[in-house]
Amino acid sequence: MLLLTIFSCRPKNSAYPGYSSTSSGLYYKLLDFSDARPKPLKGHFFELSVVYKTDKDSIFLDSKNQNPIGTVMLPCDSICNKGLLGEGLMKMNEGDSMSFVLGASDLFSRFFHSNLPLFLTKNSLLKVDARLIRNLDKNEYEAELEKFEEALSTWDVEENRRIKNYLRVHQLPTAEQQSGIFYIPLIQGGGAQADSGKVVQVRYTGRFMDGKKFDDSGASGTLFEFRLGDEYQVIWGLQLGIKLMKEGGQAKIIIPSYLAYGEEGSSTGIVPPYTTVIYEVELIKVK
C-alpha cells in the first residue's frame with residue numbers, strides 16, 4: 001500500500017507503457033523495492049548508482065565509470081530543488097530501484113546546471129535508472145568519504161590498467177609518452193611541426209573508452225583553431241598530443257583523467273570525474 005502512495009500519479013494516462021506519471025510531468029516505473037530505511041531526511045546523503053540513457057536506451061553516462069567506488073553521493077538538501085529527477089530521487093527508500101523518463105532540458109539545466117551535450121536537443125527525452133543504495137546520515141557520510149579518499153590513492157594504477165587493456169583489446173601499439181598520454185599515429189603528416197606558440201587548425205572527435213562520442217569539433221561545420229600552450233583552450237593532454245603531430249597528420253590520443261578533466265569532470269557535466277578520454281585528431285594547418 002505504501003508503494004501506491006509514493007507519488008501522486010495518473011497511471012492510466014501514462015504516455016510510456018509501464019510508467020506512471022506525477023502531476024509535475026515526471027514519468028516513473030518501480031523496478032525493485034525494499035523495506036529498508038525510509039526515504040532520506042534533511043541533512044542526509046544519497047549513495048546512488050545511476051545510469052543515464054537516451055530514449056532509445058543508448059547509455060551515455062554511468063556512475064560505475066565515474067570514480068573508483070562506482071557510485072555517487074549527493075546531499076539530500078540540494079536534491080529536492082533539482083527538477084524532475086530530484087523529485088523522483090527524493091521519493092525513494094533505501095534499496096529501491098526506479099526508472100524515470102524526463103526531458104533532457106530539465107535534467108541538464110535543473111539537475112546538472114549545464115548546457116545540453118551535442119548529441120541531444122532541447123526536445124530530447126531521457127531515461128534515468130537509479131538505485132538508492134544507502135541513505136547516509138552525516139557521520140556515515142564522513143566515514144564513506146575516508147574510504148573514497150583511500151580508493152583514490154590507487155586510482156592511477158587502476159586507470160592505467162584499464163588503458164593498457166583497451167590497447168590490448170583493440171590491438172593498438174603501447175605508445176605511452178613520458179608526458180603520460182598514449183599517442184598512436186594514424187597518418188604521418190609531412191608539413192610543419194606543431195609547437196607551443198603556434199596557431200593550429202584541427203578537427204577532432206572526443207570519445208569515452210566505450211566508444212560513445214561526447215565531443216565533435218566538426219559539428220559546427222568549421223575548423224577549431226587555437227594557440228598551442230594557451231591555457232583554457234583545450235585540455236592539457238590534447239595539447240601534449242597535438243605537439244607530437246605535423247601538419248596533415250592524424251592520430252589517436254588516449255588521455256588519462258589527470259591530463260583531461262580531472263577530479264571535477266567537464267564543466268558541462270558530460271565527462272564525469274576521473275574519466276579517461278580518447279581523441280581522434282586531424283591536424284589541418286600550422287601557422
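What follows is calculated from the coordinates using simple rules that are stated; it is not laboratory data. All of these numbers come straight from a predicted model, not from anything done at the bench. For neighbour counting, all protein chains shown are included, and Cβ atoms are generated from backbone atoms with ideal geometry for every residue, glycine included.
One table, with the values for the structure above:
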| quantity | calculated |
| --- | --- |
| Expected 222 nm ellipticity per residue - DSSP helices of 4 or more, -39500 (n - 2.57), all of the chain, to 500 | -5000 deg cm²/dmol |
| Kirkwood estimate for the chain, i.e. one over the average of 1/r between Cα atoms, Å | 21.0 |
| Loop GluC sites (Glu not before Pro), region 196-272 (other Cβ atoms within 10 Å of the site Cβ: 11 or fewer; DSSP) | 231, 263, 264 |
| All aspartates and glutamates inside 14 Å of residue 82 as judged from Cα atoms, apart from same-chain residues fewer than 8 positions distant | 106 |
| Cα-Cα P(r), region 155-286, percent of pairs per 10 Å interval | 13, 46, 34, 7 |
| Residues of type aspartates and glutamates that residue 243 reaches as a straight line, Cα spacing below 16 Å, ignoring anything fewer than 8 places off in the same chain | 176, 195, 225, 230, 231, 280, 282 |
| At most 15 other Cβ within 10 Å, DSSP loop - chymotrypsin sites (Phe, Trp or Tyr not before Pro), region 178-287 | 232 |
| Extension gain, residue 198 back to residue 69 (0.36 nm per residue minus Cα-Cα distance, nm) | 42.4 nm |
| GNM result for the chain, Cα springs below 10 Å: residue of 22, 222, 205 fluctuating most strongly | 222 |
| For region 114-242, size of Cβ-based charge dipole, Lys and Arg +1, Asp and Glu -1, in debye | 740 |
| Extension gain from residue 250 to residue 227, taking 0.36 nm per residue of separation minus the Cα-Cα distance | 6.4 nm |
| Long pairs among 213/246; 56/91; 53/213, criterion Cα-Cα beyond 19 Å | 213/246; 56/91 |
| Cα centre as origin, Lys/Arg/Asp/Glu Cβ charges: the chain dipole, Debye | 960 |
